[in-house]
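**Student:** This is the structure, below, for whatever I ask next.
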Amino acid sequence: MIGRNILEEDTALKRYATTPSDQKPRFNWSDFVRAESNAPAIHIKVEVGEQTRDFDLCEIADTVGKALTDLLLSRQEEDIYNESNRRLVAAVAKTVSQELTHWNDGEEATDEPVTLTAHEITKIIERALVKSNAHDVARSLIIRRQRALTEGMGRLHSGADVEAGNRRVGVKVIRRNGKAVAWNRNKIEIAVRKAFLAQHLDSDPATAVTDAMSERLRESGLEFIHIEDLQDRVQEELMRQGHFKVAEGYILYRAHRAV
């Protein structure tokens, strides 16, 4: 079950995720990876919002390094850019590079480079972190991604997929302050992913949990649902799919948020 220290750390992580970059220490994670890496060029494009750009392994290193920095700051640790942490970031970047190389080699030959969404890249980074037993860094990465989604800085899926999925459900969510907001599948998936990672588990099942819950909600025909009722349905779906440990942690997290 999730301990109170994890819940407090989660709150601190959210605070650091929203802290402007110029108010936090900055480290040259990409420079270290660039010097250490001898990986072949990866011919992949990355779709971020409305923009598409070339894949850059150094951006992966910076993404992981920033998530690690937020995590260590939340624990009030000062020794961040040390040899061990640099090696971790480099190892994760290498694992991502290897997966993308194998993934790209498996695609049919074409003159056009393969394009992946920011969400797909994030999931690959997350898997690499889990393989390195760095679940807490993966959780920090998801929280940073949550901030980007909230601020409109990034998307978890292509825009068309998100809008189509949201329209299919169509329900309005009543927040704790009484305000009704449009259903957003991505926010649900992020919350479920964090619940898995908090238990040091692979978060890939979060997609199936979110999809199944979204479909049940769509079939219910509800026009409005209170956030507490929505979270009840998340717990029920976690248990329905056999993720009892994650459901227990999710319950404790809800209790902590209510205090």
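**Student:** Return the long-range amide H neighbours of Ile44 (sequence gap of 5 or more, or a different chain), with a cut-off of under 5 Å between placed amide H atoms.
**Tutor:** The list, which skips near neighbours in sequence, is Phe55.
**Student:** Using the Karplus curve 6.51 cos²θ - 1.76 cosθ + 1.60 with θ = phi - 60°, work out ³J(HN,Hα) for each residue of the range 50-59 in order, rounded to whole Hz, and write x for Gly and Pro.
**Tutor:** 8, 10, 10, 9, 5, 5, 9, 4, 5, 5
**Student:** Using the Karplus curve 6.51 cos²θ - 1.76 cosθ + 1.60 with θ = phi - 60°, work out ³J(HN,Hα) for each residue of the range 67-84 in order, rounded to whole Hz, and write x for Gly and Pro.
**Tutor:** Working through the residues one at a time gives 5, 5, 4, 4, 4, 5, 5, 5, 9, 6, 8, 9, 8, 9, 8, 9, 4, 4 Hz.
**Student:** Which whole-Hz ³J(HN,Hα) couplings does the range 87-98 yield from phi under the Karplus relation 6.51 cos²θ - 1.76 cosθ + 1.60, θ = phi - 60°, glycine and proline marked x?
**Tutor:** Each residue of the range 87-98 in turn: 5, 4, 4, 5, 5, 5, 4, 5, 5, 4, 4, 5 Hz.
**Student:** Counting only residues 5 or more places away or on other chains, whose amide H sits under 5 Å from the amide H of Thr117 once H atoms are built in the peptide plane?
**Tutor:** Under 5 Å from the amide H of Thr117: Glu47.
**Student:** How big, on average over all directions, is the shadow cast by the Cα convex hull of the range 18-88, in nm²?
**Tutor:** Value for the range 18-88: 5.9 nm².
Throughout, read-outs are computed from the coordinates displayed, never taken from laboratory work. The structure presented is a predicted model; accordingly, all values stated were derived computationally and were not measured.
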